[in-house]
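Written out below as structure tokens is the structure these notes cover.
Coordinate-derived values only; no laboratory data. Remember, predicted model here, so these are calculated numbers, not experimental data. So basically every Cβ, Gly included, is an ideal-geometry build from the backbone, and we count neighbours across all protein chains shown.
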Amino acid sequence: MDHFNYAQGILHAEDVPIPEIAAAVGTPFYVYSTATLLRHYRLFDEALDGIDHLVCYAMKAAGNQAILKTLAAAGAGMDVVSAGEYARARAAGVPGDKIVFSGVGKTEAEMRTALEGGIRQFNVESEPEMEALNRVALSLGVSAPITIRVNPDVDAKTHAKIATGKSENKFGIPISRARDVYAQAARLDGIDVVGIDVHIGSQLTELEPFELAYAKVAELTEVLRADGHDIRRLDLGGGLGIPYTRANTAPPLPVEYGAMIKRTLGHLGCEIEIEPGRLIAGNAGLLVASVIYLKSGEDRDFLILDAAMNDLIRPAMYDAHHDIVPVEEPAAGIEQRAFDVVGPVCETGDTFARQRMLPPVLPGALVAFRSAGAYGAVMASEYNARPLIPEVLVKDDQFAVIRPRPTIDEMINRDSLPEWL
Ligand code: LLP
């Protein structure tokens, strides 16, 4: 569910008409709904009611500080994967003890930043990383709280580029080696083992792969406890998928996911962390663009927009589907036509949709990509020297630009020319 609906024939973000924002900031732009962000965060929080838990929003999905502050004020922790994300989270007011640090390639500088600034735990992904963290912690005279991310070798049944829990993926340590690595961790004075971490992939549309992975984590918890480790926290990662179409078959709801977690792991008495990203931000954001031209090809028609693959890479990168709707509500029963929806970037991959049925739209019309809040703005680039597009946050009947569009001068003036040129 989201808060982007038609009212009086015009698409609104909560109570704000989209054309009003377009007139103020120009197109293309991203717009997020506060109510949808909060609703989705709360669905997870409530799904884990009754067990000690923390929902750590995976801010890689949408990391604007205004979004982080909105979620943090509701009680969310954060899952970060770089010094940049850590700094953003802190700048948005998230306390260090609500931040977990994930990622396979944390540098010693990043470890130091987090240990000095405060951190809930590092999710360690390899023995060399654990040794590096031990060194950094000892040099600071502290011990670093960690979980170890295990790779359960489970098929997440999602797009290959976003599956992370198979043995051939770079993530985590093989679960078969876990006892040895935990034993090694126990010998390191700079390391304080608090639990186990697992994350098997993104945009999962079934509970079964999660359940298989979590059952393995439950078993490992018992084994490690018998070995003498104080396993008191389980970080279960993110990954629950969202409906990208308005089809009848929606992925499982957070409440069903929460019930499965309780069923599989509840008896262990551990504190539970989850790291949802997409489900919180995905349907809380639209990408709004204008139609530049309608162009007739040999055997197809093209709808050329002012947004491109550099603004929203998901269709080009994962063949992802995003619903595209006109901002002006089409009359009921109006005839639709097939278009290839494309951007201005000079490559064929700059195609948002092929042969998509759309109601008539004219040049200048506004269109909205639904479900663009997660992995949209954060994955944008300036390819073709197209400035990053603005982000806007709506709350009830107000909206604010939370990241302005840079001018062309601001963009090109970041280059510096050597004196000898
Ligand atoms: N935790 C870890 C350790 C992760 O690697 C990820 C996502 C998450 C949590 C959040 O997963 P989510 O709840 O959002 O599924 N760019 C891709 C998605 C990449 C996901 C990377 N890791 C896309 O646009 O589909």
Relative to the longest principal axis of the chain, what angle (0 to 90°, nearest 10) does the C-alpha long axis of helix 254-265 take?
20 degrees
Let me spell out the model: positive unit charges on the Cβ of Lys and Arg, negative unit charges on the Cβ of Asp and Glu, origin at the Cα centre of the chain. What dipole size does that give, in debye rounded to 20?
180 debye
Going by how many other beta carbons lie within 10 Å of each one, how would you line up Ser381, Ser202, Ser296, fewest first?
Ser296, Ser381, Ser202
Roughly speaking, what % of Cα-Cα pairs in segment 103-274 are separated by over 23 Å, rounded to a whole number?
41 percent
Whichever aspartates and glutamates have a C-alpha closer than 17 Å to that of Lys295, once near sequence neighbours (fewer than 8 apart) are set aside
Asp306, Asp340, Glu347, Asp350
So what's the Cα pair-distance distribution over segment 362-407, bin width 5 Å, in %?
5, 15, 19, 27, 23, 9, 2, 0
Can you tell me which lysines have their Cα less than 23 Å from the Cα of Lys166? Leave out same-chain residues fewer than eight positions away.
Lys60, Lys106, Lys157, Lys216
Among the GluC sites (Glu not before Pro) within segment 243-350, which fall in a DSSP loop and have no more than 15 other Cβ atoms within 10 Å of their own Cβ?
Glu298, Glu335, Glu347
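Can you tell me the length gained on complete extension of the stretch Glu108 to Glu347, counting 0.36 nm per residue apart and subtracting the Cα distance?
Computed gain between Glu108 and Glu347 is 82.2 nm.
In what sequence do Asp306, Asp15 fall when counting other Cβ within 10 Å, fewest first?
Going from least to most buried by this count: Asp15, Asp306.
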Ile51 versus Asp323: modelled label distance in nm, points set 7 Å from Cα along the beta carbon direction:
3.2 nm
Of all DSSP beta bridges having both residues in segment 9-130, the percent classed as antiparallel (nearest 5) is 20 percent
Cα-centred dipole magnitude for segment 103-274, charges only on beta-carbon of K, R (+1) and D, E (-1), debye, nearest 20
300 debye
Percent of Cα-Cα pairs more than 16 Å apart in segment 148-204, please.
45 percent
Given a Förster radius of 60 Å and the C-beta distance between Ser139 and Glu335 as r, what FRET efficiency does 1/(1 + (r/R0)^6) yield to the nearest 0.05?
0.30
Taking the convex hull of Cα positions in segment 12-63, its mean projected area over all directions (nm²)
4.7 nm²
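Which translational diffusion coefficient, to the nearest whole µm²/s, is obtained for the chain from the Stokes-Einstein equation, given a Kirkwood hydrodynamic radius over C-alpha pairs, 4 °C and 1.567 mPa s? Write out the running numbers ahead of the final one.
On the way: Rh = 22.8 Å.
Estimated via Stokes-Einstein, D reaches 57 µm²/s.
So if I place +1 on the C-beta of Lys and Arg and -1 on the C-beta of Asp and Glu, and nothing else carries charge, what would the dipole magnitude of segment 268-387 be about its Cα centre? I want it in debye, nearest 20.
160 debye
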Averaged across orientations, what area in nm² does the convex hull of the alpha carbons in segment 40-194 project?
9.8 nm²
Have a look at the DSSP beta bridges in segment 103-274 and tell me what percent are antiparallel, nearest 5.
5 percent
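Quick one: work out the % antiparallel among DSSP beta bridges in the chain, nearest 5.
Taking every DSSP beta bridge within the chain, about 50 percent pair in antiparallel fashion.
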Taking Ile148, Ile292 and counting other C-beta atoms within 10 Å, the order from fewest to most
Ile292, Ile148
Less than 10 Å Cβ to Cβ from Gly277, Lys/Arg counted +1 and Asp/Glu -1: what total charge do the surrounding residues give?
0
Surface/4 of the Cα convex hull for segment 209-262, nm²
4.3 nm²
